[in-house]
Amino acid sequence: MRQFIVLLALFYVCEGVTFGQLCNGNPDNEMRTSDIWGYGHYGARREDGTHTGVDIVCEDGSVVYAPFDVTLVRGLIIYLNKPERDPVNNGLMMRGEGLCVKLFYIEPDKTTGTVLKGERIGKMMRMQSVWPGMTSHVHVQLCDKSDPTSYF
Ligand code: ZN
């Protein structure tokens, strides 16, 4: 039974889930490349280790959409004891298509229930007020911290 479930999971992954448009104004899910604060790709160097997600360009205040049919799991608080980061300190955890995904820096409309691909899930937070000059972006991270790049 367990092997069957693993096979089924592999099938889902190999089927090639592709994320739909994540952010209004960025129809191709363009990735943050480099800016004065760093790089947006998976594995980029960070002051506290490596970057375990990919950054998808999204202007502050933009509407954010469900990248596939999702079940919302819960809201996220990203940083503890860093009040200066309050304007970007929310996110959303979701499951669907065999994946578990965390999106950072969005103010969720709601934190439970189901949402169809392309439907609104929230709004991009005020990144420029915390990191001026950074390419504002939604951080997309798989719950197991593996590389999500191939889903874009
Ligand atoms: Zn990131």
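The values are calculated or read from the model by the stated rules, or taken from the named source; none is laboratory data. Keep in mind that this is a model prediction, so the values were computed, not measured. Note: ideal-geometry Cβ built from the backbone for every residue, glycine included; neighbour counts use all protein chains shown. Note: accessible area is taken over every heavy atom of the protein model, side chains too, but ligands, DNA and RNA are not part of it. Shrake-Rupley method; radii C 1.70, N 1.55, O 1.52, S 1.80 Å.
One table, with the values for the structure above:
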| read-out | value |
| --- | --- |
| Acute angle (nearest 10 degrees) that the helix 2-14 long axis makes with the longest principal axis of the chain, alpha-carbon atoms | 50 |
| Helical mean residue ellipticity (222 nm; -39500 (n - 2.57) per DSSP H run of 4+; nearest 500) of the chain | -2500 deg cm²/dmol |
| Taking segment 60-152 and dividing mean pair separation by its residue count, relative contact order in percent (alpha carbons under 8 Å, at least six apart) | 34 |
| Rounded percent of accessible protein surface that carbon and sulfur make up, segment 99-152, 1.4 Å probe | 49 |
| Radius 13 Å from Cβ of residue 135, net charge of other residues (Lys, Arg +1; Asp, Glu -1) | -4 |
| Average accessible surface area per residue within the chain, 1.4 Å rolling probe, Å² | 56 |
| Ranked order, 145, 123, 102 - accessible area, probe 1.4 Å, largest first | 145, 123, 102 |
| Dipole magnitude of segment 2-151 about its Cα centre (Cβ charges: Lys, Arg +1; Asp, Glu -1), debye to nearest 20 | 400 |
| For segment 2-151, with +1 on Lys and Arg beta carbons and -1 on Asp and Glu, the positive-most of 54, 34, 136 along the dipole | 54 |
| HN-Hα J in Hz across segment 61-78 - Karplus 6.51, -1.76, 1.60, θ = phi - 60°, x for Gly and Pro | x, 5, 6, 10, 10, 5, x, 7, 5, 10, 10, 6, 9, 5, x, 10, 9, 8 |
| Qualifying aspartates and glutamates (Cα of each under 13 Å from Cα of residue 117; at least 8 residues distant if same chain) | 69, 97 |
